[in-house]
């Protein structure tokens, strides 16, 4: 099993987006015809990524939620000499 590369916020966004996409596919099923299956497949893929926490595209792009953002340092405070 691969390591997780989707953060908690990313998982939430993927789950909500998946829900919206599946609902749109269902709502417009008659007007979009066979394209509804594309909506369902994309929605299912996003739901699986949200549950598992792993995205193959993130790995291909070299992204990982494990990387920490380095803080921006301002001018260092001078130590007082006694």
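Per-structure values
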{"read-out": "Some residue of the range 49-57 being at pLDDT 90 or above, surrounded by 15 or more Cβ atoms within 10 Å (Cβ to Cβ), in a helix (DSSP H, G or I) and touching a helix residue (DSSP H, G or I) at 6+ places or on another chain (Cβ under 8 Å)", "value": "no"}
{"read-out": "Flag for residue 33 being on the phi > 0 side of the Ramachandran plot and at pLDDT 80 or above", "value": "yes"}
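Matching residues to (1) in contact with a helix residue (DSSP H, G or I) (Cβ under 6 Å, 6 or more places away or on another chain); (2) surrounded by 15 or more Cβ atoms within 10 Å (Cβ to Cβ); (3) modelled with pLDDT of 75 or more; (4) not in a loop (DSSP other than H, G, I, E, B):
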| residue | (1), (2), (3), (4) |
| --- | --- |
| 5 | yes, yes, yes, no |
| 41 | no, no, yes, yes |
| 65 | no, yes, no, no |
| 71 | no, no, no, no |
| 76 | no, no, no, no |
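The values are calculated or read from the model by the stated rules, or taken from the named source; none is laboratory data. This one's a predicted model, so the numbers in the text were calculated from it and none came from an experiment. Cβ sites come from the backbone with ideal geometry, for glycine too, and all protein chains shown count toward neighbours.
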